[in-house]
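Report on the following structure.
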Amino acid sequence: MTATGEHPVHRLDDVVHQRVRLGILAVLAEADRADFTYLRRMLDLTDGNLSRHLGVLEQAGYVRIDKAFEERKPRTWIHATTEGRAALAAEVAALRELLGTTQMNRT
């Protein structure tokens, strides 16, 4: 618990905390951008499932989606925004603090 009595669980972001969306942001944290196909393969998702989660992240302002043609083929690039990177960092910090409060970590 913090000095204000707020438990770290209250700082978890429902948009980020969902497993797939957390995975998307984690992959994007490693690179400037990733294409749709790469994310789909890395996270073992269907096109529809990935699209739905990207829509939630885009609506929250956490990712930017750019569509382009490369060699006359459509390609979708996903970028984590500054807000998305900050949300991921805050989520990781809250999770670390939460883990530090568990009985498992006490000796």
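Spelling out what I want: for every residue of the stretch 19-28, take phi, set θ = phi - 60°, compute 6.51 cos²θ - 1.76 cosθ + 1.60 (Karplus), and round to whole Hz; glycine and proline get x.
With coefficients 6.51, -1.76 and 1.60, one gets 3, 5, 5, 4, x, 4, 5, 5, 5, 5 Hz.
Between Asp32 and Leu98, what is 0.36 nm times their sequence separation minus the Cα-Cα distance? Round to one decimal in nm.
Between Asp32 and Leu98, full extension yields an extra 20.9 nm.
Based only on Cα atoms, what mean projected area does the convex hull of the chain have, in nm²?
That works out to 8.3 nm², a quarter of the Cα hull's surface.
Please work out how much length the chain gains when fully extended from Arg41 to Lys67, using 0.36 nm per residue of separation minus the C-alpha to C-alpha distance, in nm with one decimal.
7.5 nm
For n ≥ 4 DSSP H runs only, could you compute -39500 (n - 2.57) per run for the chain, divide by its residues and tell me the 222 nm figure to the nearest 500?
It comes out at -15500 deg cm²/dmol, rounded to the nearest 500.
All of the numbers you see were taken from the coordinates with simple rules; none came from a lab. This is a predicted model, so every value here is computed, not measured.
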